[in-house]
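One structure is given here, and the rest of the page talks about it.
The values are calculated or read from the model by the stated rules, or taken from the named source; none is laboratory data. The shown structure was predicted, so the numbers you read here are calculated from the model rather than taken from an experiment. As a convention, Cβ positions derive from the backbone with ideal geometry for all residues, glycine included, and neighbour counts pool all protein chains shown. SASA here: full protein model, heavy atoms, side chains in, ligands and nucleic acids out. Shrake-Rupley method; radii C 1.70, N 1.55, O 1.52, S 1.80 Å.
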Amino acid sequence: TFDRWMLLGVPILALVLAGVFAMFYVAAVRGVTSGDTGSDLVRDELRALGPITRGQRNVMTAFFVTVALWLLPGVFAITGQGGLATAYARVMPESVAAMIGAILLFVLPVHWPAGRFTLTWEEASAIDWGMVVLFRGGISMGALATSTGLATAMGTSLAGLMDGPSPLALTAMFTATAIVISEAASNTASATIMVPIP
């Protein structure tokens, strides 16, 4: 679930950001000073960007609504309302929350009297939908490989090629297999197929 992914990802992100900050502070910006004109330059750039537009506010609204819908089951679970979290996840799966965020872009107005909304159909049709379908199809293919037992059969067959393989040999073999699969599918699909293989 999204909240369990956050529990894993956010601490890793914090550690990586702390490491990058320390690296920049110690090595990259040592002895570098911005001078008296540094703050003026930043102010000029912010002024050139102009104020936040109505469309930008709408995109932020759609983004935060989507994230809130994704995080609500975790909030319910943390506060001890496990039954409510389960019921909410059944009614509002993560895919539905994402669709609500996308729909908001079509219904939040930029200029109501002119009938202009955040995302027009012309702009939506210009999106590379083939890439979206390819990406999602790869994830579906990986999920089907797991649910049908194909991933387990692949793992058993690959491990059977060697007599008493060591962990290093298995790692090398599965890495090579993942590289071959990633030539025909996206990296996400390759990971979805390979990770569940025992």
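When each of A68, A89, A98, A85 is tested for being hydrophobic (A, V, I, L, M, F, W, C) and in contact (Cβ under 8 Å) with a residue 40 or more places away in the chain, the lone residue that passes is A89. As a summary of the residue check, S140 satisfies the conditions (1) open to solvent by less than 70 Å² (accessible area, probe 1.4 Å); (2) more than 21 Å from the chain's Cα centre (by Cα); (3) more than 30 Å from R54 (Cβ to Cβ) except for the one numbered (2). Within the range 163-172, being modelled with pLDDT of 80 or more and either surrounded by 12 or more Cβ atoms within 10 Å (Cβ to Cβ) or acidic (D, E) (or both) holds for A169, A172.
Inspect all residues belonging to the range 151-162 and state whether any of them is within 19 Å of R136 (Cα to Cα), outside any loop (DSSP other than H, G, I, E, B) and modelled with pLDDT of 75 or more. Yes: one or more hits.
Of all the residues in the range 89-104, those that are in a helix (DSSP H, G or I) and open to solvent by less than 60 Å² (accessible area, probe 1.4 Å) number 8. Selection of first residues in the range 106-120 that are in contact (Cβ under 8 Å) with a residue 60 or more places away in the chain and of second residues that are part of a loop (DSSP other than H, G, I, E, B) and not charged (D, E, K, R), restricted to Cβ pairs under 7 Å at least 6 apart or on distinct chains, gives the following pairs, ordered by first then second residue: T118/L108.
G80 satisfies every condition listed in (1) over 22 Å from L104 (Cβ atoms); (2) part of a helix (DSSP H, G or I); (3) open to solvent by less than 70 Å² (accessible area, probe 1.4 Å) except (2).
Could you look through the range 105-122, keep only residues that are assigned to a helix (DSSP H, G or I) and surrounded by 12 or more Cβ atoms within 10 Å (Cβ to Cβ), and pick out the one that is nearest to the chain's Cα centre (by Cα)? Top of the filtered list is L105.
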